[in-house]
Every structure is written in C-alpha cells, then in structure tokens.
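Undergrad: Here it is, the structure in full.
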Amino acid sequence: MKKKLDNSAPKGEWLTLHRARLVQWLHDTLVGDDLAALKGRIAALRAVAAAPAAADDPLFAPTDDPVALRRDVLLSELDQVLAARTLPRARYYLDRLHAGVAAVRRGDVNDINLLRWKEHDDVLTDSLWILERRDTSGAHQGWYWGNFVPQIPHQLLLRYTRRGDWVLDPFAGSGTTLIECRRLGRNGLGVELNPEVAARAREIVAQEPNPQGIVSAIAEGDSAALDFPALLGRYDVAAVQLAILHPPYHDIIRFSADPRDLSNAASVERFLELLGQVVERTSTVLEPGRYLAMVIGDKYLRGEWIPLGFYAMQQLLEQGYRLKSIVVKNYEETRAKRQQRALWRYRALAGGFYLFKHEYIFIFRKRG
C-alpha cells in the first residue's frame, strides 16, 4: 500500500478528560446487563464528547491525572459500541475503550500508547513512503545541497525514541535531524566535518523553538575517527538511544575538498571502508537493543547501476546489527534534473536505464 508521508499534527481535536471519573463511568456502564440501557449511556457520552462545550461536563473537570483522547477516534469507538447488535459485542468494544483509558502500554522504545494505537495514524508503518514535497516549516531550509527531507528523522524519532532520549547524527549537514529533535523533545548531537557548514547549521538549529529545553549540539570532526564516548561525556551521557546516518552517496555530490570526506573516497570500496569506520565508532555509544537508521541511495558508474545502498547495508550486517526493515522512499527530481526532465527521459529511453526516484531507509537494531 502506498502511504503519503505527512508531517502534520494528528487529525482531529484532542479532549482532556478526568481519567478517574471516566474510568468509573465506563466500568459502571460495563457491568449493566441491558443492551438498551448500555447504549443509552454511551449515546449520552457521545453527545457530550461531540459538543463544543464538552468542558462543562464533570468528566472534563480539571484533575492531576488527566487522559487525552482524540475526539474523532473517541467518537468512532463510541459509534462502534452503538452499532453492536448484541450485549457481548457491545461489552467487547466498551471494554477495549475502558482499557485504553484506564492504562497506558508504551512501545518498548517509544512513547506510542499501544492501547490507543488508532490515535497514532501520523506514524507510518508501511515500507513505501511517497513524498510530494519536503517540510519547509520553522527552521527547515533548503540551503544545503544534499540534505534529506525532515519527514524522515521525524518518523524515525516517533518510532524509535521517547521524549528525553539522546539521538546521534554522525553526518549532521544542515542540522535537519537536530531541528526535528527540538520539535519532539529529544536531545540531539550531530557531527559535521565541514566547519563552515557546522557553524551555519548551529545558527539555523538555534532558530527552532526549544520549549522542552533539550540539548542541540553540533561538533566539528571526522566521524570515522571521532571519540564518541568523549563527545557524549561532555553532557554526562554514556549512550544514545538512536543513531541516524545520512552519509554522502559516495561521489554523486562532492561536499568538500577534504580528503576525509566520504564523497571524496577514491573508490566504492574505499567509501564503504570509511562508512564502516563511522558505523563502528557510532556503535561504541549506541545503547544495546536500540536502533540505527541509515538513509542512502544508489549510483551509476560508467553505465552500470551500483547498488550502493545494499553494499552499505552489508556493512551493518557484518558488524552484527539485525536488519529490522527496509523502507523505500521516493523523491522528486533534483532542481537540476527538474529543469531538464524531457532530456533525462530521452537519456533513459536511449540508455536502457531507469531514472532514480527512490532511496532506502535501512532500519537496524543493535544486538543486546
């Protein structure tokens, strides 16, 4: 199934209810043995939840232990109870709602409440991501040639981190990952080889609001040789909970004249050797059982498709990582190709190849 990648807020309005009162109300409804009476109570609750002035009801009174429910999902669940034709079926749906209000069951590495999973439809689970345009809101800018779309780290942070976790980006570039970390309340550390790029990225990341007071830092250095434990030690942190790697796709874009730059590697083999060194360094600070994501594409070399992404994937597998998923993300033409779309189509027809419209997001889990 194709899934369009959307970085917007969850659909619908969120309602804040008095958890204890709602739990008791649902319990009292569950113990009844009359289907009509049960539906009558549910219909009354639905009317209150659907009303603009719902906050006037005792179920919406202030409390030290509130529960936030998405209005459209709650109404849908109540409608499901109302549509039930038997008392056991109505109780089944109502019991499921009761459990989702009374308790929270988080994912093992994220803040997703699995008892309220329908409210998390902004989190993608398909392996094909269709992008219509990149997110340009807030501090996100397109000044850096080769930066990746913000929706990628946004999704990875939602799936593989909790608020307050630490995220490492060894190829920080323009700071896209760190901007998303600030938005979602994750601490972000980036490493950038080019001092000028690092300086500008710091300025841009600082423009993004930081209401949760998390750490956002970009260090200058070579991730293939950097002492990552020492870097984390500056912040009294021993490990990170997620690593996001977006390396150069070898020499497709030359990012600098620095011989340490992976985009200047003399061969594909040398590129993979350097990438393996970055992964090895990153592994020293990635917490066991947590995730590493690598975003990378393929390349052409003298008329031959070079599966750079799968070569890079093999590097991770050889270092003992477990492959959890492969996501294919489409991308539209680069600005240069967009101006010559007809020419590139002709070249593809004449040369017997297909134009690149995708890249890979490899998701790995570090063995515990």
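Undergrad: Compute a Gaussian network model of the chain, connecting alpha carbons closer than 10 Å, and tell me which residue from Val295, Val109, Val73 fluctuates the most.
TA: Maximum among the listed residues: Val73.
Undergrad: Something else now. Nothing charged except the Cβ atoms of Lys and Arg (+1) and of Asp and Glu (-1): what's the magnitude of the dipole of the chain about its Cα centre? Round to the nearest 20 debye. Intermediate results must be reported in sequence, preceding the final value.
TA: On the way: 50 positive and 45 negative charges, 211 e Å.
Result for the chain is approximately 1020 debye, rounded to the nearest 20.
Undergrad: Let me ask something else. Calculated from DSSP H runs of 4 or more alone, at -39500 (n - 2.57) each and per residue, what is the 222 nm mean residue ellipticity of the chain, nearest 500? Can you show the working numbers first?
TA: Values: 12 runs with 137 residues, N = 368.
Here the helix-only value at 222 nm equals -11500 deg cm²/dmol.
Undergrad: Here is a further query. Using a cut-off of 15 Å between alpha-carbon atoms, which aspartates and glutamates can reach Lys39, once sequence neighbours fewer than 8 places away in the same chain are excluded?
TA: Counting by Cα, and skipping residues close in sequence, Lys39 has these aspartates and glutamates nearby: Asp28, Glu77, Asp79, Asp95.
Undergrad: For a footprinting-style exposure proxy, rank Leu272, Leu343 by other Cβ within 10 Å, fewest first.
TA: Ranking Leu272, Leu343 by Cβ neighbours within 10 Å, fewest first, gives Leu343, Leu272.
Undergrad: What base-10 log of the normalised intensity I(q)/I(0) is obtained for segment 154-212 from the Debye formula, alpha carbons as equal point scatterers, at q = 0.16, 0.17, 0.21 Å⁻¹?
TA: With one equal scatterer per Cα and no solvent, log10 I(q)/I(0) is -0.45, -0.50, -0.74.
Undergrad: Return, for the Cα atoms of segment 10-120, the radius of gyration and Dmax in Å, separated by a comma.
TA: 13.7, 42
Undergrad: If the elastic network links every pair of Cα atoms under 10 Å, which of Arg182, Arg302, Arg159 fluctuates the most in the Gaussian network model of the chain?
TA: Arg302
Undergrad: Still on this structure, please answer the following. Which GluC sites (Glu not before Pro) in segment 286-368 pass both tests, a DSSP loop state and at most 16 other beta-carbon atoms within 10 Å? Walk me through the intermediate numbers first.
TA: On the way: sites: Glu304, Glu318, Glu332, Glu333, Glu359; in loops: Glu332, Glu333.
Answer by residue number: Glu332, Glu333.
Undergrad: Set Lys and Arg Cβ to +1 and Asp and Glu Cβ to -1, take the dipole of the chain about its Cα centre, and tell me which of Phe362, Thr63, Gln340 lies farthest positive.
TA: Final value for the positive-end residue is Gln340.
Undergrad: So, one more: For the chain, modelled as a GNM with alpha-carbon contacts under 10 angstrom, which of Leu226, Leu242, Leu38 fluctuates the most?
TA: Leu38
Undergrad: Compute, for segment 10-120, the length of the dipole vector about the Cα centre, with Cβ point charges of +1 (Lys, Arg) and -1 (Asp, Glu) only. Units Debye, rounded to 20.
TA: Details: 16 positive and 15 negative charges, 73 e Å.
Dipole of segment 10-120, to the nearest 20 debye: 340 debye.
Undergrad: Can you tell me, using C-alpha contacts under 8 Å and at least 6 residues apart, the relative contact order of segment 128-365 as a whole percent? Don't skip to the end; give the middle numbers.
TA: Working: 422 pairs, mean separation 44.2, N = 238.
Across segment 128-365, relative contact order equals 19 percent.
Undergrad: Helix 19-30 against the longest principal axis of the chain: what's the angle in degrees, Cα atoms only, rounded to the nearest 10?
TA: 60
Undergrad: A further question follows. Taking +1 at the Cβ of each Lys and Arg and -1 at the Cβ of each Asp and Glu, which of Ser216, Asn194, Leu275 sits farthest along the dipole of the chain towards its positive end, judged by Cα position relative to the Cα centre?
TA: Leu275
Undergrad: Moving to a separate point now. Report, in listed order, any pair from Lys299/Lys357; Lys118/Lys366; Lys299/Lys329 with a Cα-Cα distance greater than 22 Å.
TA: Working: Lys299/Lys357 12 Å; Lys118/Lys366 29 Å; Lys299/Lys329 16 Å.
Lys118/Lys366, as the Cα separations exceed 22 Å there.
Undergrad: Starting from 0.36 nm per residue, how many nanometres of slack lie between Glu13 and Thr125 once their C-alpha separation is accounted for? Walk me through the numbers before you get to the answer.
TA: Values: separation 112, 0.36 × 112 = 40.32 nm, distance 2.27 nm.
Result for the pair: 38.1 nm of gain on full extension.
Undergrad: OK, next. Compute the semi-axes of the equivalent ellipsoid of the chain, taking the square root of 5 times each eigenvalue of the Cα gyration tensor, and list them largest first in whole Å.
TA: On the way: eigenvalues 418, 114, 71 Å².
Over the Cα atoms of the chain, the ellipsoid semi-axes are 46, 24, 19 Å.
Undergrad: Among 248-260, 183-195, how do they line up by average Cβ neighbours within 10 Å per residue, starting with the highest? Spell out each step's value before the answer.
TA: Details: 248-260: 15.6, 183-195: 22.8.
With the highest mean Cβ count within 10 Å placed first, the list reads 183-195, 248-260.
None of the figures in this text is laboratory data; all of them are computed from the coordinates on show. Given the structure is predicted, the values throughout are model-derived calculations rather than measurements. For neighbour counting, all protein chains shown are included, and Cβ atoms are generated from backbone atoms with ideal geometry for every residue, glycine included.
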